[in-house]
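Just below is one structure, and these are the notes that go with it.
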Amino acid sequence: MSAVMTNKSAASKAVQRSEGVWLAAWRRLRSDKVGMVSMVIVGLFLLLVLASAAGLVAKNWQKEVGVPNAPPTFMGPAPAEAQGALNMPAGPNVDLSDIDPLAPKYAEWNERAKAYKTEVTVKAETLPWGGDRLGRDVLSKVIKGAEVSILVGVLAAVVATFIGTVLGALAGFFGGKVGDVLEWVYNVFTAIPSILLIFAFAVIFGRGVLSVVMILGLAGWTGIYRLIRAEFMKHSVREYVRSAEAIGASKFSRMFKHILPNVSHVALVQLSLHVVAFIKSEVILSYLGLGVGVDQVSWGTMLSESQSELILGYWWQLAGVTAVMAVFVTAFALFTDALRDALDPKLRGLE
């Protein structure tokens, strides 16, 4: 009886030890409280992006719902500028239509101005994050800008990481002529200054969200390629890969089923760094007129607009977009660090 119990215990331990790489990583990730909180925050941002893309929130971000540069407020009187900013001349009391052909229109214009002033004065009292220079809601702009900037940052980082990982895996695993050709491509890309390379791709792809994604992805894969290539060269000669080769595993299986999970933490770290870097690059491209279109808004275009507003003392657009961007970037970086630790083969070996 004791022998049977011993065999069952040994079998259960064997099952636990045969736990997959990703299942073990998820188990370790769940034990990291900071990582889980960060994952929830990143998930909420992604849900907000999807809701914005579906038109459920911030769909009227272009609408002028308040007076220009309305300060943040929930209740209370409208800004003093709204009380007299739109007063139109009532016109003379005498008939001057023979001299001034616009005289008959003065009364009509004045009534329209009063009606508009009343409308924007009421609406200006309901902007919790204030309004921009055109009277648009800053909160709606931040949400819509998050959709564009996060989409650009994440997709461009995924494109760059995919290109760098695949090419680095091929160069590091095969070497020889394949490695020489890929090294030549790598040297060509790195020999060109990154800003010139981005400008060259911008001329080819033009403006727009997908264009920015392709520009940043094609210009930003070289660093990832270099790191992944070195990792594949190191792991391809290790015993576990040689053992897989001895039992008949294909080259594709050895590359992407055996080596890649052991170097995935490197790719994830680079993915995190590139998301942050590409969001910043989108800011620069939008400021130079090479980013998203003029009919779109992003965190980059908002930061560009807020420069002139800050000089005049209108700080709320800069504060809003900076705070939201900082929360997302910090949460994304912490989540990726936790995921890297969960996938780190050194930590797996300590269990």
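Looking across LEU290, LEU285, one residue alone is assigned to a loop (DSSP other than H, G, I, E, B), more than 12 Å from ASP132 (Cα to Cα) and either within 19 Å of the chain's Cα centre (by Cα) or at pLDDT 85 or above (or both). It is LEU290. Note on region 309-322: among residues that are touching a residue at least 40 places away in the same chain (Cβ under 8 Å) and more than 21 Å from the chain's Cα centre (by Cα), the one that is surrounded by the fewest Cβ atoms within 10 Å (Cβ to Cβ) is LEU312. Are any residues in region 223-265 among the aromatic types (Phe, Trp, Tyr) and surrounded by fewer than 16 Cβ atoms within 10 Å (Cβ to Cβ), and if so, which ones? Of everything in region 223-265, those that are among the aromatic types (Phe, Trp, Tyr) and surrounded by fewer than 16 Cβ atoms within 10 Å (Cβ to Cβ) turn out to be TYR240, PHE252, PHE256.
Applying the condition of being in a helix (DSSP H, G or I) and within 11 Å of ALA342 (Cβ to Cβ) to region 25-35 and asking which residue is nearest to the chain's Cα centre (by Cα) yields GLY35. Total residues in region 268-290 satisfying the condition of being of a type in the set (Gly, Ala, Ser) and surrounded by 22 or more Cβ atoms within 10 Å (Cβ to Cβ): the figure is 2. Screening LEU318 on (1) in contact with an Asp or Glu (Cβ under 9 Å, 6 or more places away or on another chain); (2) part of a helix (DSSP H, G or I); (3) at pLDDT below 85; (4) closer than 20 Å to TRP61 by Cα shows it passes everything except condition (3).
The values are calculated or read from the model by the stated rules, or taken from the named source; none is laboratory data. The structure displayed is predicted, hence computed values, not measured ones. Methodologically, a virtual Cβ is constructed for each residue, glycine included, from the backbone with ideal geometry; neighbour enumeration extends over all protein chains shown.
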